[in-house]
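Notes follow the structure.
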Amino acid sequence: MELLAAAFSAACAVDHDSSTSESDARDSAAGHLPGSESSSTPGNGTTPEECPALADSPTTLTEALQMIHPIPADSWRNLIEQIGLLYQEYRDKSTLQEIEARRQQDAELQGSADGSPASEDTPEEEEEEEEEPASPPERRALPQICLLSNPHSRFNLWQDLPEIQSSGVLEILQPEEVKLQEAMFELVTSEASYYKSLNLLVSHFMENERMKKILHPSEAHILFSNVMDVLAVSERPVWMALDLRAHRGTSSLRDTTASASALLIRVPIPVSLWKVQTDVQKFLLELEHRMEENIVISDVCDIVYHYAANHFSVYITYVSNQTYQERTYKQLLQEKAAFRELIAQLELDPKCRGLPFSSFLILPFQRITRLKLLVQNILKRVEESSEREGTALDAHRELEMVVKACNEGVRKMSRTEQMISIQKKMEFKIKSVPIISHSRWLLKQGELQQMSGPKTSRTLRTKKLFREIYLFLFNDLLVICRQIPGDKYQVFDSASRGLLRVEELEDQGQTLANVFILRLLENADDREATYMLKASSQSEMKRWMTSLAPNRRTKFVSFTSRLLDCPQVQCVHPYVAQQPDELTLELADILNILERTEDGWIFGERLHDQERGWFPSSMTEEILNPKIRSQNLKECFRVHKMDDPQRSQNKDRRKLGSRNRQ
């Protein structure tokens, strides 16, 4: 963490003007148009000098909460129930808007940097010029207040809610607080969209009567796993959603459920869901109640923390089953025509909006990873050293632990089978090495050319200059083989991964292109061995060298090193890793470039989780402006900084979810 602190200090030396660049991009993911933030609210581009009434208005959250009334429960519930986007659509739209916002900001800032010196001397004039096209009257003329039920519209904004517009709160809160409100609002509305999609997986697919007859109970268990437990954590039962506060002490549960029956026509709830106990608070319901307490949202991260720490383990169980789930789904499609026909028929239902069944199966994993990013977005906007920063850090830490456990669960399932398969294919010419181990996994495998030596080839024309060898690189072991008939591999050397050294040869013509030297400081015969290896391309050579010697210095330094600046890219096309050394990319991911090749591959480090891997450069766009890169770095440091010892001591004493509010 000392290195992170040094990186953060170095990044802070970059101009202050970058402090809002990445934040604005996150705002755009919730529906903000670049350049319109200052004019989107009455208090967002107006100074006290321009509006005398604003100068005397309360500016803190506490003061705002004292003045603002609770939001009507019916109004908020209507908004939630009118969300029409499935989570897959909501998520894609959000990330695409985030990407587009970064593009525009990068282009605008880069253009101003390349412009005349006068543009740098008069930033205020530039801001005024940019604000003119987005004046309040013009903005009201645009279709801003658009519900999520319109798949072609922008998202609802917190500041566009009629209750917010009429309350006068936008003249009270500072711009940064408005951005924070939007970030918390997005977390709640996206959770509602997620619940809608997950409920469709259960009610439309799993509870289908034909599906139950086609699938054997064991097949259904693998295919749908513990999705009912996942849904139960997030669910919003119909009778609960009816404002139970109106029924407390006045009627029985039977009366409440009877009142809810009218909604069952519009919101199909599986029969099995009615078994859920009504006294168990659910995630979405708690978020809704928090929204109803006050139109200015006090916090949501305390609720996220409570559920992540106590209830989100069900996600780990579901995601860990992913390997078997995918295999079972493929087998069912191939072996059961009735299942294949039923899935095709169900996918055509307008409820599914043209989305495949597989996109519903991966919803829990997508949501838990996205939830962590949404909390990161909130964390970047809360006041430093505040109570809300404390709860955001707590929530982020718990979510990060859940996401890591999910990833490890998936890897463990697939790794065990992979190691067994590899062990069966190996024949040892040397002393046998046990391959299967709970702490061992495959990093990279593939064919390389072993160079026999130029001098030998000149004297013995019948001898090949290169011979094929096959490498299996594990996290702690290298096994060198030759492929033999029958899909087998004959092992002739091995070494501990910690005893490997690599060296790139300078370009010495076409024959030695993409050649590197691999040294085994201690091989299977307890002696040093040297191999001159040739890869099929420059990127393949770089990838092998990076995997064989992970501590080898790359062209660009890592985020965790002492850096002033580092090339960055953002993902504009999703990418699924094809090899163990590759990195799966999600839309809008930001990555530091550690190495790049001339044939179109990048070795990068993702900022939000520090995961490393290779990916095609065509999947990304480079962030050109150093101010935006610096801001990304500073925000990443803030998210991953060490907890304040005093805050850690006080954490257990804090009553999350039941704090006193004004």
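The values are calculated or read from the model by the stated rules, or taken from the named source; none is laboratory data. The shown structure was predicted, so the numbers you read here are calculated from the model rather than taken from an experiment. Because the Cβ atoms are built from the backbone with ideal geometry, glycine has one as well, and the counts that use them run over all protein chains shown.
Looking at residue 273, is it surrounded by 13 or more Cβ atoms within 10 Å (Cβ to Cβ), at pLDDT below 90 and not hydroxyl-bearing (Ser, Thr, Tyr)? The answer is yes for residue 273. Remark: residue 379 falls outside the filter, which requires a residue to be assigned by TED's automatic domain parsing to the domain that holds residue 523 and surrounded by 14 or more Cβ atoms within 10 Å (Cβ to Cβ).
In the range 320-347, the residues that are more than 25 Å from residue 413 (Cβ to Cβ) and at pLDDT 95 or above form Cβ pairs under 7 Å with partners that are assigned to a helix (DSSP H, G or I) and of a type in the set (D, E, K, R), at six or more places apart or across chains, as follows: 342/210. The residue that is farthest from residue 190 (Cα to Cα), among those in the range 293-329 that are charged (D, E, K, R) and surrounded by fewer than 18 Cβ atoms within 10 Å (Cβ to Cβ), is 327.
Considering each residue of the range 386-441, count those that are outside any helix (DSSP H, G or I) and surrounded by fewer than 19 Cβ atoms within 10 Å (Cβ to Cβ), and give that number. Explain how you work it out, then say what you get.
Of all residues in the range 386-441, those outside any helix (DSSP H, G or I) come to 386, 426-441.
Applying the additional criterion that residues be surrounded by fewer than 19 Cβ atoms within 10 Å (Cβ to Cβ) yields 386, 426-434, 436-441.
Going through the range 386-441 one residue at a time, the tally reaches 16.
Residues that are outside any loop (DSSP other than H, G, I, E, B) and of a type in the set (Lys, Arg) were ranked within the range 562-619; the one that is farthest from the chain's Cα centre (by Cα) is 596.
Looking for whichever is of a type in the set (Ser, Thr, Tyr) and touching a residue at least 40 places away in the same chain (Cβ under 8 Å) here; the options are 358, 385. Which one fits?
Values: 358 fails: touching a residue at least 40 places away in the same chain (Cβ under 8 Å).
Exactly one residue qualifies, and that residue is 385.
Taking residue 327, is it farther than 18 Å from residue 609 by Cβ and touching a Leu at 6+ places or on another chain (Cβ under 9 Å)?
Values: farther than 18 Å from residue 609 by Cβ: yes; touching a Leu at 6+ places or on another chain (Cβ under 9 Å): no.
It is false that residue 327 is farther than 18 Å from residue 609 by Cβ and touching a Leu at 6+ places or on another chain (Cβ under 9 Å).
Taking residue 511, is it of a type in the set (Ser, Thr, Tyr), touching a helix residue (DSSP H, G or I) at 6+ places or on another chain (Cβ under 8 Å), modelled with pLDDT under 95 and farther than 26 Å from residue 421 by Cβ? Judged against the criteria, residue 511 is a match. Which number in (1) closer than 30 Å to residue 593 by Cα; (2) at pLDDT 90 or above; (3) not hydrophobic (A, V, I, L, M, F, W, C) marks the one condition that residue 482 misses? Condition not satisfied by residue 482: (1). Could we say that residue 470 is modelled with pLDDT of 95 or more and either within 37 Å of the chain's Cα centre (by Cα) or not assigned by TED's automatic domain parsing to the domain that holds residue 444 (or both) here? Here the answer is yes, as residue 470 does meet what is asked.
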